[in-house]
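Everything on this sheet refers to the single structure shown next.
Just so it is clear, none of the values below were taken in a lab; they were calculated from the coordinates. All values reported here derive from a predicted model rather than from experimental measurement. Here the Cβ is made from the backbone with ideal geometry for all residues, glycine too, and neighbour counts use every protein chain on show.
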Amino acid sequence: VVACRVVSLFVCLCVCVCTNKVQSVDSSLLQCVKLKDDTHLALKLDGDVVIGGLFPLHFVAPKSHHSYRNKPKMSACSGFDNKAFRWMMTMVFAVEEINSRSDLLPGVKLGYRITDCCDSIHTGLNALFSLISVSEVVTTQLDSPTCLSDSPIPAIIGLASSSPSRAAAQTLGSFNTPLVSYFSTCTCLNDEQTYPSFLRTVPSDFFQVEGLVQLVTFFGWFWVGAIGTTDDYSRYGIQEFSNQFRLQGGCVEYHLTIPPSPAASDIQKMADIVQSSTAQVVVVFSNEGQLLELFSFVRLWLQWIASEAWVTASFLTSPHFHHLLEGTLGFSFPGIKIPGLEEFLLNVRPSPKPGMELINMFWEEQFGCKIQFDRGVLKDVGTDTLDDSRPVCTGSEDLSLTSSSYTDLSQVSIFYNVYKAVFAIAHALHALLDCKTEGPNKGTCDTQSPFTSKRLLYELKKVNFTNQFEERVYFNSNGEPAPLYDIINWQKNSEGGISFAKVGSYDGSASLGKQLEINQSHILWTKGKSQVPTSQCSAPCPPGSRQATRPGEPLCCFDCLPCADGEISNQTGSTECIKCPEFFWSDPDKVKCVAGVEEFLSFTETMGIILVTLTLLGVILTIIITAIFHHFRTTPIVKANNSEISFLLLLSLKLCFLCSLVFVGQPSAWTCMFRQAAFGISFVICLSCLLVKTIVVLLAFRANVPGPKSLRMFGPSQQRTLIFCTTAPQICLCTGWLWGAPPFPFRNPTYQIVLECKEPWPPGFYLVLGYIGLLAFVCLLLAFLGRKLPDTFNEAKFITFSMLIFIAVWISFIPAYVSSPGKFSVAVEIFAILASSFGLLLCIFVPKCYIILLHPERNIKKGMTGKYNRSTYHLYM
């Protein structure tokens, strides 16, 4: 069907071109063409150049029912729109103003043909084809032209909605016929290849969306809902808003689409979603007619953000919606009050003249009456009524006494865009016809040869003039004007109604940072409050913490986690914590970095005092046990436990306790080198002594030939040799480690500013520790074999307990040492040394001291029974 219409359009244009003859013209008397009348009513004015106009005088288009068997019948549109009629009359006013001027198109009369497009795609195309169809060309003289254009309608002003504009622009683009829209803002119309002849006096929604994103983020609204319709304007607008809003860190909780003919249940579901949502701000891309039903179901106070399509919708300012829409914010096109327009609009009167049918229709809708003409005069039948129960119009009705969207001239943005569109075409024609306003040929235009729509389009794209309101009118590369907007706030006035207050502006062409200007103190929010409402899924994280997104939820829904030590966040809503510079540390609130205090395990702090106290306690206890053993060195229990090895073991335990003190205090070069070696060698001596003791016990009781002969093979000299041989590898390992890669003092900024000993070759420490563990495991294994020997003075079971404690401590030490920060790793190592030393001391020597001091009757030679015990005793003797 569309293809057939395009073909018919082409044929009609060809007919117009071929039938136009070069003839003379009297611009005040002759019309260029007479266009055929059809089912579309048109407002007409004859002229040398006739421009077209498409306005949605009705906002409810009829549903098309095509059987494809009969010619489809045109149904009438419904729902008369007073605002659209006001736009149409603005075009009429602009044409008459141009015709009355001598400095613009002198000697050329501008005409118009305006029809209703009903705000839908199929009715818009029907109106377009009706507008450009030709039935007859009127001529006066054979050699005199009756028109200046080779097309009956060289340019068209329209349409209001984006979807019908796309269809019309794509059709007219094939013939380079300019289509200048006054209200179609969809970004989809920016495609110059698809719509080469489309221009508009309004900026595209790309700039409006940028402004809306800046507006909602300016007030801290990063959690919003979105509502739109199924048309291109809404679909592209919300899609672009969502994309740009997401780049700014915002989230759209829901996106609802109002269907063309929604059922009450569908609207109720949408209203439930809006009211149950946590988003308190809703961005709406729609026209006012499609929002009426939804707003009738919503009962919750919300902050509405309106697109320019409904931000000045007086249709929604009825008292029924005051509680809901008060505080609405949105973008509107800036308008200027045009001198003389208000008087012109209020002086409109019905007329029986052909082409005045649309004005008569408006009059009937405005006053609810029926017009009847009798011989060209309005018939006055008094109070008599017609069959349709409407009174007959008297013609004396006064528009100034009515209150409607037609007479409400507070918002002048759209009809100012219509006004600019007419003047832009007039200036393009002025340049195309080479009209002279100065010089000897002043007041003349070139009317000798017809021009083409393509030439008019070329001149229209070059238009650049400053109108009487000091505004520069021009079209950029996409056929758009400068993106300028007013920010409108719906406020209750003193009369209880809603007024549209300008509270800011937005310049889409300005440099970044100067685009949005808002007078926040003049804004009244929803419920009439002066405080900015909040809309957020999660409250912004305070300084000292960061946002952590929740898995499976939008980025705007998050938890607040405190910054780690050494990191800060000094702004609300930080997504990351900032690491402090080297040798700086975070304060307790994690909001600023402070110079780090050098920290180490000192003798004066609580933990250092406790560890030093335990160390001294271990040393004192070892000295006491040594004194007891020395005092009772001649008693059987001391002799039976090999007194020489016992005293060497006590000496090494003192060294183990004392080397803990080297770990406390500020590290220096000598303490870093000495402490690990002292610790490693002291423990190896302890374990060597225990190894010798364990071997002696096993040889005494488990040898094939028990008695002194078996023990003489492992006498004191062999025992000393074994201790030396097991200690020498550790001494060599520590010497090589300290010679090749000795530990040195280091300022570690990882955990505050900790002074510690850095080990350039960590395997050295683990080799020292590993060798100690190897000896401990051998001692444990041998002692475990002799733990049940029947000897009063058998040490095997005590050695087993001590080794179990020793190994348990050092196995748990490794993960604790690695995971402990700063000085706490030093404390862990000291604790491991003290715990293992106390384990050896208490398990090996305390049981013997108990017998020596509290049960001396058991510390006699006679108490030792059995030949094995006597043999062992004599060997130690």
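Values as computed for the structure displayed
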| item | result |
| --- | --- |
| Percentage relative contact order, the range 410-496, counting C-alpha pairs under 8 Å, at least six apart | 19 |
| Residues of the range 183-214 with amide N under 11 Å of the 7 Å Cα→Cβ point at Asn243 | 187-188, 206 |
| Net lengthening on full extension, Glu644/Asn441 (0.36 nm per residue, minus Cα-Cα) | 59.5 nm |
| Relative exposure of Lys63, Lys454, judged by other C-beta atoms within 10 Å (fewest first) | Lys63, Lys454 |
| Trypsin sites (Lys or Arg not before Pro) within the range 564-644, DSSP loop, no more than 15 other Cβ atoms inside 10 Å | Lys592, Arg633 |
| Phe583 versus Ser404: modelled label distance in nm, points set 7 Å from Cα along the beta carbon direction | 8.3 |
| Calculated FRET value between Val818 and Phe603, using beta carbons and R₀ = 30 Å, to 0.05 | 0.70 |
| Computed lengthening from Ala728 to Thr549, 0.36 nm per intervening residue step minus Cα-Cα distance | 58.6 nm |
| Three-way shape call for the range 545-596 based on the alpha-carbon gyration tensor, with the a/c threshold at 1.5 | prolate |
| Projected label distance in nm at Phe297 and Ala76, using a 7 Å step from Cα toward the beta-carbon | 3.2 |
| Label point distance in nm, Cys849-Phe465, each placed 7 Å from Cα along Cα→Cβ | 11.4 |
| Taking Trp221, Trp761, Trp490 and counting other C-beta atoms within 10 Å, the order from fewest to most | Trp761, Trp221, Trp490 |
| Residues Ile628, Ile860, sorted so that the one with the fewest Cβ neighbours within 10 Å comes first | Ile860, Ile628 |
| Mean Cβ neighbour count within 10 Å, used as a protection proxy, ranking 41-51, 417-427 highest first | 417-427, 41-51 |
| Förster-model FRET efficiency, 60 Å R0, Asp565 and Ser449, C-beta, rounded to 0.05 | 0.10 |
| Length released on extending from Ile336 to Asn519, taking residue separation times 0.36 nm less the Cα-Cα span | 63.8 nm |
| Dipole magnitude of the range 545-596 about its Cα centre (Cβ charges: Lys, Arg +1; Asp, Glu -1), debye to nearest 20 | 80 |
| Listed pairs Lys269/Lys502; Lys337/Lys454; Lys83/Lys492; Lys63/Lys461; Lys654/Lys693; Lys337/Lys370 exceeding 30 Å between Cα atoms | Lys269/Lys502; Lys337/Lys454; Lys63/Lys461; Lys337/Lys370 |
